[in-house]
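Got a structure for you, written out below as structure tokens; questions coming shortly.
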Amino acid sequence: METKASVSPATFLDKIVVPGDVVLDLSSLTNQTIKLGGGLRQDCDSISVMKAGKLKFSKPNKYWVESSHKRYVPSVEDTVLGIVVDSKADNFLVDIKGPAIAFLPVLAFEGGTRRNIPKFEVGSLLYVRVVKANPGMNPELSCTDASGKAAEFGLLKDGYMFETSTGQSRMLLSSPTCPVLEALGKQLSFEIAVGLNGRVWVCFLMPFLELIAYWVVLFSSCSVTCSMVNAASPSMVVVVSNAIMNSEYLSGVQQQIMVEKLLQRIK
Amino acid sequence: METDRADGRTANQLRPLSCSRNTLHRAHGSASWSQGDTKVLAAVYGPKAGTKKNENPEKPCFEVIWKPKSGQIGKLEKEYEMILKRTVQSICILTVNQNTTTSIIIQVVHDDGAVSFDDYVFHYSVFIRLLPCAINAACAALVDAGIPMKHLAVAICCCLAESGYVILDPTKLEEQVTLISSQYLFTDLSEVTGIIWLE
């Protein structure tokens, strides 16, 4: 009654797979090296699926399951947004939405020495890079890039942070530019940091002329104009955040239409 | 060969099934499963760092909380939690995510038919149909949360009707008059686990 059909990888490629599906039979392949990414595991002579998602293949020999979840699985060279939970003598304890809390060494900053250790309050948001992600150990982070430069890593001040799924973060970081970000960028100017762990930070950039006006107003203490300049930024940040959160299940064209309708209502 | 079931089903016919995932915004994984009138909502939180006191830190810990539709939590709920915990441990991979806790919360949304106070006191096993529904909901919620699993689990309840035939997916009334009912859990094609309840 039990017949094992020969499993060729082509049957499952780009299709939805669920845990337990056997996607590759290793006994039929000889002298080949196969690289397994996330969501797949080796079970004696067969490769079976651990997480539900779409099976992907990239030449010459990489297989992985692409899925979108609310928790993050740390992997090396990922850039993520972490929240400082505690600080110890040697490390900052940073939460990156993974199964274990991550360590950020106090010296992992550009020009970092024992004398100029930065002080992060509990709850501050950091843009960091994952350096080590071994199973069973706490992941290690760094605020420098591979060559030791700061490169935009570090504390993110002001702005607003919200959480999405990991699949949505990957879509926002894809190249060419994601349609929703392109449509928003044509009409607004804002600063955005996307972490692969599902966290997004948005901050509003004030145009140069408005910045001058703001400082003039501040010094001349004209209260009416001051409130007009300040009201612009929080509502724009909310608009950008809502547009991004709503765009998860929309196609490219739908995202552009959604952004146009949203911005029309503001004006 | 034809058995007279109150709702007109044949012996092998199940009630209409429906399942939806990602129903809860805050939970990391959630699913609702309904079989006929019985509806169960499962939510998964985790994996989060740290295990409980008496648990082995070399394996991920699974904690199940069963919330009945009404009433206080008693021995029956604790028994369901234990059965569900063993089920989840058998389908999830225990070599990843060591020293973490994953919480699964089962909320009974609706049980088949109205339950009077007398029923609850005198029929100990009146909620047996909930267990297969809860196992299916918990499995769907774990898949939604992305917890690494070996395979999916499917559970079904069957009981012996008065006429001597085995009927699948009994309703509350059918189960009250039966002598034996049992649930079967299918994880792999080669593995079947069963629990048998005798009245």
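The numbers here are math on the coordinates, done by the rules we state, and not lab data. Note that the structure is a prediction, hence the values are computed from the model and not measured. Positions of Cβ are backbone-derived with ideal geometry, glycine not excepted, and every protein chain shown enters the neighbour counts.
Tell me, Kirkwood radius of chain A from alpha-carbon pair distances, in Å?
Hydrodynamic radius (Kirkwood, Cα only) of chain A equals 21.7 Å.
Suppose each label sits 7 Å from its Cα in the direction of the beta carbon; what would the B:Val154-B:Lys53 distance come out to in nanometres?
It is 4.2 nm.
Starting from the Kirkwood Rh over alpha-carbon pairs, what translational D in µm² s⁻¹ does the protein assembly as shown have by Stokes-Einstein at 20 °C and 1.002 mPa s?
After rounding, the answer is 83 µm²/s.
Continuing with this model, one more query. Would you grab the residues whose amide H sits under 5 Å from the one on A:Phe92? Only those 5+ places off in sequence or on another chain, please, with H modelled 1.01 Å from N.
For A:Phe92, whose amide H was placed from the backbone, the distant partners under 5 Å are A:Leu104, A:Val106.
Relative to the present Cα-Cα distance, how much length would full extension add between A:Ser189 and A:Ile266 at 0.36 nm per residue of separation? Each step should come with its number before you reach the end.
Working: separation 77, 0.36 × 77 = 27.72 nm, distance 1.49 nm.
Between A:Ser189 and A:Ile266, full extension yields an extra 26.2 nm.
Order these peptides, B:139-147, B:68-76, A:131-139, by their mean beta-carbon neighbour count within 10 angstrom, highest first.
On the way: B:139-147: 26.0, B:68-76: 11.7, A:131-139: 15.9.
Output ranking for B:139-147, B:68-76, A:131-139: B:139-147, A:131-139, B:68-76.
Taking 0.36 nm per residue of separation and subtracting the Cα-Cα distance, what length does fully extending B:Met82 through B:Ser163 add? Before the final figure, lay out each step's value.
Values: separation 81, 0.36 × 81 = 29.16 nm, distance 3.35 nm.
Separation in residues times 0.36 nm, less the Cα-Cα distance, equals 25.8 nm.
For the range A:249-264, take each phi angle, set θ = phi - 60°, evaluate the Karplus expression 6.51 cos²θ - 1.76 cosθ + 1.60, and give the result in whole Hz per residue in order, putting x for glycine and proline.
9, 9, 7, x, 5, 4, 5, 5, 5, 4, 5, 4, 5, 5, 6, 5
Taking 0.36 nm per intervening residue step and subtracting the Cα-Cα distance, what contour gain separates A:Asp43 from A:Asn61 on full extension?
Value of the extension gain: 4.7 nm.
In debye to the nearest 20, how big a dipole does the range B:17-151 give about its Cα centre with +1 on each Lys and Arg Cβ and -1 on each Asp and Glu Cβ? Mind dumping the intermediate values first?
Working: 15 positive and 12 negative charges, 95 e Å.
Roughly 460 debye for the range B:17-151.
Restricting to DSSP H runs of at least four residues, report the calculated mean residue ellipticity at 222 nm for chain A, -39500 (n - 2.57) per run over all residues, nearest 500 deg cm²/dmol.
Values: 5 runs with 68 residues, N = 267.
Mean residue ellipticity, 222 nm, calculated: -8000 deg cm²/dmol.
Given springs between every Cα pair under 10 Å in a Gaussian network model of chain A, which of A:Ile212, A:Ile83, A:Ile101 has the largest fluctuation?
Maximum fluctuation in the GNM of chain A, among the listed residues, is at A:Ile212.
Given R₀ = 25 Å, what would the calculated FRET efficiency be for A:Leu26 paired with A:Glu77, taking r from the Cβ atoms and rounding to 0.05?
For R0 = 25 Å, the calculated efficiency reads 0.30.
Could you go through the range A:141-148 in sequence order and give the Karplus-derived ³J(HN,Hα) for each residue, using 6.51 cos²θ - 1.76 cosθ + 1.60 with θ = phi - 60°, rounded to whole Hz, and x for Gly and Pro?
10, 8, 9, 10, 8, 4, 8, x
Let me ask you something else. Would you work out the charge dipole size for the range B:1-67 about its Cα centre, treating the Cβ of every Lys and Arg as +1 and the Cβ of every Asp and Glu as -1, and quote it to the nearest 20 debye?
380
Semi-axes of the equivalent ellipsoid for the range A:9-66, please: Cα gyration tensor eigenvalues, times 5, square-rooted, ordered largest first, whole Å. Don't skip to the answer; put the middle values down first.
Details: eigenvalues 54, 32, 19 Å².
Value: 16, 13, 10 Å, ordered largest first.
List A:Trp201, B:Trp66 from most exposed to least, where exposure is judged by having the fewest other Cβ atoms within 10 Å.
A:Trp201, B:Trp66
Could you give the dipole magnitude of the protein assembly as shown about its Cα centre, charging the beta-carbon of Lys and Arg +1 and that of Asp and Glu -1, in debye to the nearest 20?
Dipole size: approximately 1380 debye.
Please determine, in degrees from 0 to 90 and to the nearest 10, the orientation of helix A:223-246 with respect to the longest principal axis defined by the Cα atoms of chain A, where the helix direction is its Cα long axis.
Tilt of helix A:223-246: around 10 degrees.
Using the Karplus curve 6.51 cos²θ - 1.76 cosθ + 1.60 with θ = phi - 60°, what ³J(HN,Hα) values do you get for each residue of the range A:85-102, in whole Hz, with x for Gly and Pro?
Running phi through 6.51 cos²θ - 1.76 cosθ + 1.60 with θ = phi - 60° gives 9, 7, 10, 10, 5, 9, 9, 9, 8, 10, 8, 10, 6, x, x, 10, 6, 9 Hz.
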